[in-house]
Amino acid sequence: EDGDPDMYLSFDIEYPTGHNYDYVADAIAVDTFSLSRSQYGFCGSAGRDANCTLYIAVMAYESSYYEIAVFDTTNGPVRCAEGCGWTELGDGQCQLGCNTTSCHNDRGDCLPG
């Protein structure tokens, strides 16, 4: 059985679940989550100016396949490969410029099957 993984995140809850989390990314197919220090709730109860840890949990069927990629965009957008734009990733079409391990094979668009 294939399943669509969902991602649960929290600054205060060490093991976030589908019933106890601060943020959720549960779109069908590729889930993306962006967070900035200016966002409400950043660092949870510690406050946005504190050093903190973001806890991430992924829930899915046992046979699900997923990868987590984290990018620091403090100094502007990050490209996973030269010539690959973020809007091309995971759009249902395999772009050769995005078919790299750092782009997760065009977020799965270039994987067989």
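Taken together, the values in this text are just the output of simple stated rules run on the coordinates, not laboratory data. Being a predicted model, the structure only gives us computed values, none of them experimental. All Cβ positions, glycine included, derive from the backbone under ideal geometry; neighbour counts span all protein chains shown.
Points worth noting:
- Environment charge of Leu35, counting only residues whose C-beta is closer than 12 Å and scoring Lys/Arg +1, Asp/Glu -1: 0
- Residues considered: Asp22, Asp49, Asp31. Largest GNM mean-square fluctuation over the chain, using C-alpha springs under 10 Å, is found at Asp49.
- In range of the label at Tyr65: residues from the range 81-102 whose backbone nitrogen is under 11 Å from the point 7 Å along Cα→Cβ: none
- Choice from Ile28, Ile13, Ile56 showing the highest fluctuation, given a GNM over the chain with Cα pairs closer than 10 Å: Ile28
- When the chain is treated as a Gaussian network with alpha carbon springs shorter than 10 Å, the biggest mean-square fluctuation among Asn51, Asn75, Asn99 belongs to Asn75.
- Working note: Cα gyration tensor of the chain, eigenvalues times five, square-rooted, sorted largest first, giving semi-axes of 27, 20, 9 Å.
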